[in-house]
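Trainee: One structure, pasted below without further comment.
The values are calculated or read from the model by the stated rules, or taken from the named source; none is laboratory data. Note that the structure is a prediction, hence the values are computed from the model and not measured. Virtual Cβ from ideal backbone geometry, glycine too; neighbours counted across all protein chains shown.
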Amino acid sequence: MFPGILFLLPLFLIYVNLERALGIQLYGSYAGLIITYLTFALPFSIWMLVGYFDSIPRELEQAAMVNGTTALGALFRVLVPVSMPGIVAVAIFAFITAWGEVLFASVLTDDATRTLAVGLRNYAIQSNVYWNQLMAAAIVVSIPVVAGFLALQRYLVQGIAAGGVKG
């Protein structure tokens, strides 16, 4: 509901004060960036997955338990495979959100820990923009996203009908 820029200064201050008080270095580290991205992706991901899990019929879990599976076994053998399209869609959303994010990565990282999206900024200097190198680097940076999407697209198009309920 709030723009991300509102959280930038508080997160920065928390990270710097944690380092001063406890010696935990989150500013300028990948751990700090991961925590930041989790802060934004996790609530939306949970909200989406709760809606997706609610759409799965309870009869699937009950049928697995009638066949002798424990509740944990029903979760991993029946519910997770049936809900794989939703899990993959949420994972792709979270990955793409973190992959292309520049605002937090440019403030919370340094030269040793900067992300690829922040590294693309180096092709634009004050007096010139190196468009050919920038476009080539942008294509190289987008290759992992496209490859990951192509590898996981079958989960996005298959429906929940992969599992069935005996009538």
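Trainee: What's the total number of residues in region 120-152 that are part of a loop (DSSP other than H, G, I, E, B) and aliphatic (A, V, I, L, M)?
Mentor: Residues meeting the conditions: 1.
Trainee: Please state which of the following conditions PHE2 fails to meet, knowing it meets all the rest: (1) loosely packed, with under 13 Cβ neighbours inside 10 Å; (2) in a helix (DSSP H, G or I).
Mentor: PHE2 satisfies every listed condition except (2).
Trainee: Now for a separate question. With respect to PHE104, determine if the residue is surrounded by 14 or more Cβ atoms within 10 Å (Cβ to Cβ) and modelled with pLDDT of 90 or more.
Mentor: Details: surrounded by 14 or more Cβ atoms within 10 Å (Cβ to Cβ): yes; modelled with pLDDT of 90 or more: yes.
Against the criterion (surrounded by 14 or more Cβ atoms within 10 Å (Cβ to Cβ) and modelled with pLDDT of 90 or more), PHE104 qualifies.
Trainee: If you go through region 21-34 one residue at a time, do you hit one that is at pLDDT 90 or above, farther than 16 Å from THR109 by Cβ and either in a helix (DSSP H, G or I) or among the acidic types (Asp, Glu) (or both)?
Mentor: yes
Trainee: Now for a different question. Output the residue which, of all residues in region 80-110 that are more than 15 Å from the chain's Cα centre (by Cα) and assigned to a loop (DSSP other than H, G, I, E, B), is nearest to TYR52 (Cα to Cα).
Mentor: SER83
Trainee: How many residues does region 153-167 hold that are part of a helix (DSSP H, G or I) and either among the β-branched types (Val, Ile, Thr) or at pLDDT 90 or above (or both)? Let's see the steps before the verdict.
Mentor: Step one: list which residues in region 153-167 are part of a helix (DSSP H, G or I), which gives 153-157, 160-162.
Okay, now just the ones that are also either among the β-branched types (Val, Ile, Thr) or at pLDDT 90 or above (or both), so 157, 160.
Of the residues in region 153-167, 2 are part of a helix (DSSP H, G or I) and either among the β-branched types (Val, Ile, Thr) or at pLDDT 90 or above (or both).
Trainee: Something else about it: So THR113 clears everything in (1) more than 20 Å from the chain's Cα centre (by Cα); (2) part of a loop (DSSP other than H, G, I, E, B) except one condition, right? Which one?
Mentor: So the condition that THR113 fails would be (1).
Trainee: Does THR97 satisfy being under 18 Å from GLN153 (Cα atoms), in contact (Cβ under 8 Å) with a residue 60 or more places away in the chain and either surrounded by 16 or more Cβ atoms within 10 Å (Cβ to Cβ) or not basic (Lys, Arg) (or both)?
Mentor: Details: under 18 Å from GLN153 (Cα atoms): yes; in contact (Cβ under 8 Å) with a residue 60 or more places away in the chain: yes; either surrounded by 16 or more Cβ atoms within 10 Å (Cβ to Cβ) or not basic (Lys, Arg) (or both): yes.
When the stated conditions are applied, THR97 passes them.
Trainee: Is it the case, given these coordinates, that VAL78 is exposed (fewer than 15 other Cβ atoms within 10 Å of the Cβ), β-branched (Val, Ile, Thr) and more than 30 Å from VAL118 (Cα to Cα)? Before the answer, list the steps.
Mentor: Working: exposed (fewer than 15 other Cβ atoms within 10 Å of the Cβ): no; β-branched (Val, Ile, Thr): yes; more than 30 Å from VAL118 (Cα to Cα): yes.
Spelling it out, it is not the case that VAL78 is exposed (fewer than 15 other Cβ atoms within 10 Å of the Cβ), β-branched (Val, Ile, Thr) and more than 30 Å from VAL118 (Cα to Cα).
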